[in-house]
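In what follows, a structure is listed as C-alpha cells, so that the remarks can point back to it.
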Ligand SMILES: Cc1cc2nc3c(=O)[nH]c(=O)nc-3n(C[C@H](O)[C@H](O)[C@H](O)COP(=O)(O)O)c2cc1C
C-alpha cells in the first residue's frame, strides 16, 4: 500500500484541519496516511524517510514566515530523496463575496530551499487561506464568514491533494513570488525581533481561575507560573492557542501596556542615547548594512525594554488601579472582540 506522512503544526486548528482534509483525500486514493503533530514529536528522533513515501508539511504563516517551531523542525529533518509537498495556511478574509488571500512572504521558499538542499523533490507548494486567527490585531471573524472560508478552501485543498496523490505537480504558491520577495525583509525582522516583543503582549486578567489549561496545552511550552499567575516567556510564538481556548476568556492582549512599552523603548531617552553613541563613535550611517545593524540594535533595545517592563507589569497587575487601567486598554476584553474557533454543529477540532 502506498504511504504518505503529513507533519503539521497548528495553533488554532487550521493547519491541523488542512492536514486532515489531505489525509482523507489520500485514503480515498488508496494511500495509508499518517498526520503527525510536530509539537508532540521529538525532532531529533525522526529517521530518514523511505524514498517512496510521499511527505507533506503543513503549518500556519507567522510574520510572513514559518513559525520558528516548524523552521527548527525542518532544519533537523533528515536528508532524503522522497517527494515532498508544502502547504502554508494564511490569514484569509472575505469581503462581501470576494475571498481575500493572506501573505506567505518567505514561508514557502524557506521550506522549498531547505528540502531541495536536503535532497528531496518538491512536487507541490500551496497556500490555503483559512480564517485569520491573529486576534490581537482584529476580532475573530464572524461564524458565517468562517464557515464560508472553510467550505471554499476545503474543495481547493482536496483538488491540490488529489494532484499530490496522483503523482502530479502543483506550484500555485509561486504565483505570489514578486509580492513575497518584496515583504521578505519584514519576515526577517519579525523572526529576529517582532516575535519576541509580541510574546510579551499577553496576560491573564482577574477572571483567571488558575486552571492551568494554557500552561498544559501550550504547544511550545512557553507559559509558566510566576507569582501564582500565567506568565508568557520569550518562547511564546503567539500561535493563539491559549487565547482562543481559555474556557474563562481570561487571556487578553494588553494593548495599553504594549503601546506604553513601545513608546518607552523608542522614547527620546533611549533613541537619543543610541544616536548619541553612534555619533560619538562616528559610525557610518549611509549604507544598507549599517541601516540593518541600526535596526537590530534598536530592536534589541526594544526586546530588552519588554523583558524588564513585562515583569514589572506582571507584578503591578496585583494593584487594583493598575489592573483596571490595563483592563480598559485591552481591546480583547470587549465582548464584540470575538475569539477564533472553528465550530460546526457536529465537528469541533
Ligand atoms: C502571530 C501571527 C502571525 C501571522 N502572520 C501571518 C502572515 O504573515 N501572513 C498571513 O497570511 N497570515 C498570518 N497569520 C494568520 C495565520 O497564519 C492563519 O490564521 C493560520 O491559518 C492559522 O493557522 P493555525 O490555526 O493552524 O494556527 C498570522 C497569525 C499569527 C497568530
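Values quoted throughout were computed directly from the atomic coordinates according to the rules given, and no laboratory measurement underlies them. Small disclaimer: the values here were computed from a predicted structure and weren't measured. Note that each Cβ is placed from the backbone with ideal geometry, even for glycine, and that neighbours are counted across all protein chains shown.
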Can you tell me the relative contact order of segment 3-177? Whole percent, Cα pairs under 8 Å, sequence separation 6 or more. 22 percent
Of all beta bridges DSSP finds with both residues in the chain, what is the antiparallel percent, to the nearest 5? 30 percent
What do you get when you divide the Cα radius of gyration of segment 256-330 by 2.2 N^0.38 Å, with N the number of residues? 1.41
Once you put a point 7 Å from the Cα of residue 166 and another 7 Å from the Cα of residue 278, both along the Cβ direction, what distance in nm separates them? 5.5 nm
Output the 0 to 90 degree angle, nearest 10, between the alpha-carbon long axis of helix 288-316 and the longest principal axis computed from the alpha carbons of the chain. 70 degrees
Fluctuation leader among 171, 310, 257 - the chain, Gaussian network, Cα springs under 10 angstrom: 171
When 321, 84 are ranked with the fewest other C-beta atoms within 10 Å first, the list becomes 321, 84
For residue 142 and residue 181, calculate 0.36 nm times their separation in residues minus their Cα-Cα distance, and state this gained length in nm to one decimal. 10.9 nm
In degrees, nearest 10, the alpha-carbon axis of helix 255-265 is tilted away from the dominant principal axis of the alpha carbons of the chain by 70 degrees
Would segment 121-184 count as rounded, prolate or oblate if I go by the C-alpha gyration tensor, calling it rounded below 1.5 in a/c and otherwise prolate when a/b exceeds b/c, oblate otherwise? oblate
In segment 1-141 the DSSP beta bridges are antiparallel at a rate, in percent to nearest 5, of 10 percent
Among 273, 202, 64, residue whose mean-square fluctuation peaks in a GNM of the chain (springs only between Cα atoms under 10 Å): 273
For the chain, with a Gaussian network of springs between Cα atoms less than 10 Å apart, report the residue from 318, 16, 144 with the top mean-square fluctuation. 144
In whole Å, what is the distance between the alpha-carbon centres of segment 213-286 and segment 151-167? 38 Å
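To the nearest 0.05, how large is the calculated FRET efficiency for residue 215 and residue 100 if R₀ is 30 Å and r is the Cβ-Cβ distance? Could you put the intermediate results ahead of the total?
Numbers: r = 35 Å, r/R0 = 1.17.
After rounding, the FRET efficiency stands at 0.30.
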How far apart, in nm, are the 7 Å Cα→Cβ label points at residue 32 and residue 289? 5.5 nm
Helix 268-280 against the longest principal axis of the chain: what's the angle in degrees, Cα atoms only, rounded to the nearest 10? 90 degrees
With a cut-off of 8 Å between alpha carbons and a minimum separation of six or more residues, what is the relative contact order of the chain in percent? 16 percent
With a 10 Å Cβ neighbour count serving as the proxy for reagent exposure, in which order, fewest first, do 128, 197 appear? 197, 128
